[in-house]
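Here is the structure we will look at.
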Amino acid sequence: MTHQDLRKIAGQLIMIRFPGTELDGDTADFIRRNGIRGVCLFRANMTDSEQLSKLTADLRAIMGPEALIAIDQEGGAVVRSTWVPAPPAAMGLGAADDTDLCHRTGAAVARAVKSLGFNWNFAPVLDLNNNPHNPVIAERSFGAEPARAAELAMAWMAGSHAEGVACCVKHFPGHGDTHVDSHRDLPTVDKPLAQLENFEFRPFRIAAPSAPAMMTAHIVYPAIDPDNPATMSPAILDGILRQRWNYKGVIITDGMDMHAIAGRYGVGNAAVRALAAGADMVMALGTRETQEETLTAIANALADNTLPQTGIDERLARLGALAQAYPCKARSYKEDAADRAVMAEGWRRSLTARGNPQRPAAGAKVRLVVRQDVVSDGVSEAGVPAAKVAESLGRLYDVDLVTFADADTFDWRALPNDGRYTILASTSRLRYGANPRATWRPHLHLALWNPYQALDIDAPALMTYGFAAPALDAINAWLSGELEATGVCPVPGFK
């Protein structure tokens, strides 16, 4: 085989991203020349349904019938297409605790993304969030009880599959008990194997017979392999997932551009090690330069038999089977209103109270304190703007909006003592530090993103597990007395 032939095999084993909202000639040529079959699109690739449908159609035209076009449309803060019906976060669904609702939500998500030309959704999350300081999972988890979290996630997945969109559960073998974000550094989960098997591993083991794909975690588990993160660990990917659990589906890595991998191992070397460890597809989400490096490294490993052809044929067969089972065909979308009703039901039923919050009187004078900027943590979409929260509450109250730039220096005691009912709305994922914990005393705390922030502020709270428009509508329904907060937070520490 020529080097270009080997690069075309390598191209079938990687997933790329690219900038822009249209398929330019250079990117199309790169995809065609290297036989790329996997693309993941992000918010920066999208403006509206018409544009996105054309982009995915153009991709299908050059990638062929076995194209895998992927999206992170989990729900809550992790959604890429923000104009379709907004799904509640996994932890919100955990708080509602209803498998039928999960099934209907997964199906509604799939209908929307299928209509946009996607056939692979990197969801649901099977990480069990038992660490209140986890900087990247939190409300993306269905809860902390392995069997129930898995049951809810599997219902969500079944709904998606019924509508023709493949799921990819993540992040195997478990990202819930970390205090480091693997986008920034390499976390370690240092627990005995028995603890891992009883907790972190259990949802993935439950999902293994039915999940068509699993995404690996860039985390070291010293009890199994002290030398390699799971993404590059033969003991974890081949030893546990393939051999012990007899997993037949596709194994795809998390983004190899993440600092936990790229910054330590180099993208080309890491890609080869991940494939050698048992991965079927490497998520080469970096720049064109790092994608070229990845293709060259895999092609060289094929040439020198570091990656033997028999194993590669098995990987190609699994990827081909996934694409054939979930063909990438856009379809018309007529269910928008019905699906918005499903999503609104989820947001309303997930609404969770802590500390016996009291409603201000109708038409009351309210002071809303909220962060000035809306920030993304790199994984999630940016939070809800302060003005939008004020506008929503303004339908019910006379609202005085006060914004702060830095929670650590904002002086709560400087707020006017004029009898207004004070509401704090938390619109970022960041936990609060010493100053807010010690001095902020709102009458009501609206935790509109990370529910663990409700533990930081000594005040009654409502938790929505996300900040989409139907979350604000659910808050208003509660404030006006037409809705009770019946959700039960599915992780420890909220009683």
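ALA405: net charge of surrounding residues, Cβ under 13 Å, Lys/Arg +1, Asp/Glu -1, itself excluded? Each step should come with its number before you reach the end.
Details: positive: ARG371; negative: ASP373, ASP406, ASP408, ASP411.
Every neighbour counted, the sum reads -3.
Cross-link reach is defined here as a Cα-Cα straight distance under 20 Å, omitting same-chain residues fewer than 8 places apart; for LYS365 the lysines meeting it are LYS388. Taking Cα atoms only, the orientation of helix 288-303 departs from the longest principal axis of the chain by about 40 degrees.
The long axis of helix 469-479 is offset from the longest Cα principal axis of the chain by roughly 30 degrees.
Can you tell me how segment 302-377 classifies by the Cα gyration tensor, rounded, prolate or oblate, using a/c under 1.5 as the rounded cut?
Values: a/c = 3.75, a/b = 2.30, b/c = 1.63.
Prolate, since a/c reaches 1.5 and a/b exceeds b/c.
What chymotrypsin sites (Phe, Trp or Tyr not before Pro) in segment 374-454 are in a loop by DSSP, with at most 10 other Cβ atoms within 10 Å of the Cβ?
Numbers: sites: TYR397, PHE404, PHE410, TRP412, TYR421, TYR432, TRP440, TRP449, TYR452; in loops: TYR397, PHE410, TYR432, TRP440, TRP449.
Here no chymotrypsin sites (Phe, Trp or Tyr not before Pro) fit, given the DSSP loop and packing criteria.
Distance from the C-alpha centroid of segment 368-417 to that of segment 185-211: 38 Å, rounded to the whole angstrom.
Look at the alpha carbon pairs under 8 Å that are at least 6 residues apart: their mean separation over the length of segment 351-479 gives a relative contact order of 30 percent.
The distance separating the Cα centre of segment 27-60 from that of segment 94-113 comes to 27 Å. When the trypsin sites (Lys or Arg not before Pro) in segment 299-404 are filtered for DSSP coil states and for at most 16 other beta-carbon atoms within 10 Å of their beta-carbon, the remaining sites are LYS329, ARG331, LYS334, ARG395. From the square roots a ≥ b ≥ c of the eigenvalues of the alpha-carbon gyration tensor of segment 221-360, which class results: rounded (a/c under 1.5), prolate (a/b over b/c), or oblate? Judged from the Cα gyration tensor, segment 221-360 comes out prolate (a/c at least 1.5, a/b above b/c).
Helix 99-115 and the longest principal axis of the Cα set of the chain meet at an angle near 60°.
Going by how many other Cβ atoms sit within 10 Å of their own, how do VAL384, VAL488 line up, fewest first? Please report the intermediate quantities before stating the final value.
Details: VAL384 24, VAL488 15.
With the sparsest Cβ surroundings first, the list reads VAL488, VAL384.
Principal axis extents of the Cα atoms in segment 134-175, from largest to smallest and rounded to whole angstrom, are 32, 19, 18.
Classify segment 3-325 as rounded, prolate or oblate from the Cα gyration tensor: take a ≥ b ≥ c as the square roots of its eigenvalues, call it rounded if a/c is under 1.5, otherwise prolate when a/b beats b/c and oblate if not. Kindly include the intermediate steps, with their values, before the conclusion.
On the way: a/c = 1.63, a/b = 1.11, b/c = 1.47.
Oblate.
Only the coordinates and a few stated rules stand behind these numbers; no lab work does. No experiment lies behind these values; they were computed from the predicted model shown. Ideal geometry is used to build each Cβ from the backbone, glycine not excepted, and the neighbour counts take in all protein chains shown.
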